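Where a number appears in this text, it was derived from the coordinates with a stated rule and is not lab data. These figures come from a predicted structure and were not determined experimentally. Note: ideal-geometry Cβ built from the backbone for every residue, glycine included; neighbour counts use all protein chains shown.
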Amino acid sequence: MKTVEETPKTVIRPIREDDLSRFIEADYHQTGKRREAYWQDRFSHFAHRHPLACLVAEDDAGAMVGYVVGDVRGWEYGVPESTGWIEAINVRPDLQRAGVASRLMDQLLGYFKRAGVKQVYCVVDWEQEGAIRFFRSHGFRPGDFVFFEKEL
C-alpha cells in the first residue's frame, strides 16, 4: 500500500463517454463480476444528469485509478428531490488508503453542497468494514432507514 507521498499525482475530472470501458474494467477488478449491461445502462444516465457528480481520478500517465458516481434525486418515503446519492466509489487496490478516494469524496460533496443538497445517502454492505470506516471518516453515520431484503 502506498502512502500519499508515494502516490502518483492524480487529477480529478468529470467522466466522459469514452470512460465507459474503463469503468467496466475497474468494477470487474473490484467485484469480480462483469457488469457491462449495468454500466452501459447507467453510465449515460449518470453522465448526463449530473456530470460533476461523476468523477474520475487519473494518474499522471492518464490511467484511471478511481472513480465516484453520484446523483441528485428524490426517493420514496418523503426523501426530497435535492438528496445526494453516492452510487459507487472505487479506487485501484494498490492506491487505497492513499487519499484518492478522499479527494473524490471531497469533490463530490462540494458539488452536492453547491447544488443545494442537504442530505447524502449511500448503501454499504455491513461486511465491507473498510468502506464503513471510510464513510464514517467523512462524517457519515447509519441513517434512519432500514434496508430489508428477502431471497426468493
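Ranking of 36, 127, 58 by neighbouring Cβ atoms within 10 Å, starting from the fewest: 127, 36, 58. Only Lys, Arg, Asp and Glu carry charge here, each on its Cβ (+1 for the first two, -1 for the last two); on that basis the stretch 4-133 has a dipole of about 380 debye about its Cα centre. Each Lys and Arg Cβ is given +1 and each Asp and Glu Cβ -1; about its Cα centre, the stretch 110-152 then shows a dipole of about 480 debye. A full extension of the chain between residue 118 and residue 34 corresponds to an added length of 26.8 nm, given 0.36 nm per residue minus the alpha carbon distance. Of the residues 21, 115, 48, the one whose Cα sits farthest towards the positive end of the charge dipole of the stretch 4-133 is 115 (charges of +1 on Lys and Arg Cβ, -1 on Asp and Glu Cβ, taken about the Cα centre). With neighbour counts taken as other beta-carbon atoms within 10 Å, the residues 86, 132 rank, fewest first, as 132, 86.
Using only alpha carbon pairs under 8 Å that are at least six residues apart, calculate the relative contact order of the stretch 1-117 and give it in whole percent.
29
Only Cα sites of the stretch 83-152 enter the Debye sum here, all with the same form factor; the resulting log10 I(q)/I(0) across q = 0.16, 0.27 1/Å is -0.63, -1.44, listed in q order.
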